[in-house]
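Have a look at the structure below, then the notes.
The values are calculated or read from the model by the stated rules, or taken from the named source; none is laboratory data. Since the model is a prediction, treat every value here as computed from it, not as a measurement. Positions of Cβ are generated from backbone atoms using ideal geometry, with glycine treated the same way; all protein chains shown enter the neighbour counts. SASA here: full protein model, heavy atoms, side chains in, ligands and nucleic acids out. Shrake-Rupley method; radii C 1.70, N 1.55, O 1.52, S 1.80 Å.
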Amino acid sequence: MTKINDNPAKRVMITGANRGIGLELTRQSAAMGYEVIACCRTPMEATELMALALENELVSILGLDVRVERDIKPIAAGFGRRLDLLVCNAGVLGGRGGLQDPEQDSHNIEDTLMTNVGGVFFTARHFLPHLLAGSEERGDAPGRLAIISSQMGSSTRCGSNAIMYRASKAAATNLARSLAVELADHNIAVGAYHPGWVQTEMGGKEAAVTPADSAGGLLRRFAALSMETSGVFEDYTGVAIPF
Ligand SMILES: NC(=O)c1ccc[n+]([C@@H]2O[C@H](COP(=O)([O-])OP(=O)(O)OC[C@H]3O[C@@H](n4cnc5c(N)ncnc54)[C@H](OP(=O)(O)O)[C@@H]3O)[C@@H](O)[C@H]2O)c1
């Protein structure tokens, strides 16, 4: 397992941390000795996360709906801590079908695009100063921005189910690539990650990978992210995904 000593990222912020992959990333990051700011949109309902925060002083909870920039801005402005790793994990699936799926309505499409693309952008925009602020403490090591995308956003591996989710994840991966270019001169490395098909509310019970295996693999990939590999799109085991 990657240890804190192998990895200069000591303070981590994770969005969508109240369940699924985000909760497991929080649990494992704290077990590795990271200080974790676990974000979720309704902290009062986040019972598992609250229990984790109560038993582990490294975990603190921050209310954050990634779609709502007018709220994110003041929250970020009042957030007084430096960050080493920012994980944009919050995501929604929206409609599961294709062109004729009535679930693909304007409400679901707006939610999918605003959460999976706009949410990544707003989170990165307003917490970038905190990543940059950590640079002195980190020395040569980069700040890291990890975007949880999906291989369903790969145009090489396209399919016709969850068509707007696919489009949103293609955009999220594209955003990661653009941010890798924009932040290259600031010693901030950016990666896009496919977490596997994971047993969560989104992935379902039949999924192939446990949240623990996915989160463990992702944390190893985040630790391996460097300025040389910035812009990478890979899965939780380190296998490159075609765009
Ligand atoms: N599971 C898979 O097989 C799989 C595969 C590929 C990629 N992914 C990606 O992995 C990430 C995590 O997915 P998961 O499987 O853990 O899904 P999940 O169990 O459905 O969890 C999604 C998380 O995102 C949060 N979220 C949704 N909308 C939000 C918003 N507007 N603001 C803040 N948080 C919000 C949810 O919070 P609430 O409880 O408040 O809704 C929840 O914590 C997502 O980006 C997903 O697209 C998952």
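Here are some notes:
- Against the list (1) closer than 24 Å to ARG27 by Cβ; (2) β-branched (Val, Ile, Thr); (3) within 13 Å of the ligand (Cβ to nearest atom), the condition ILE241 fails is (1).
- Any hit, the stretch 206-222, residues being more than 14 Å from the ligand (Cβ to nearest atom) and either open to solvent by 20 Å² or more (accessible area, probe 1.4 Å) or of a type in the set (Lys, Arg) (or both): yes
- Single condition LEU183 does not satisfy, out of (1) among the aliphatic types (A, V, I, L, M); (2) over 18 Å from PRO242 (Cα atoms); (3) within 13 Å of the ligand (Cβ to nearest atom); (4) open to solvent by less than 20 Å² (accessible area, probe 1.4 Å): (3)
- Checking each residue in the stretch 210-236 for being without any contact (Cβ under 8 Å) to a residue 24 or more places away in the chain, assigned to a loop (DSSP other than H, G, I, E, B) and not acidic (Asp, Glu) picks out only THR210.
- Test: THR112 is within 10 Å of the ligand (Cβ to nearest atom) and open to solvent by less than 10 Å² (accessible area, probe 1.4 Å): yes
- Counted residues, the stretch 115-159 - those being crowded, with 17+ Cβ neighbours inside 10 Å, more than 15 Å from the chain's Cα centre (by Cα), within 16 Å of the ligand (Cβ to nearest atom) and in contact (Cβ under 8 Å) with a residue 60 or more places away in the chain: 1
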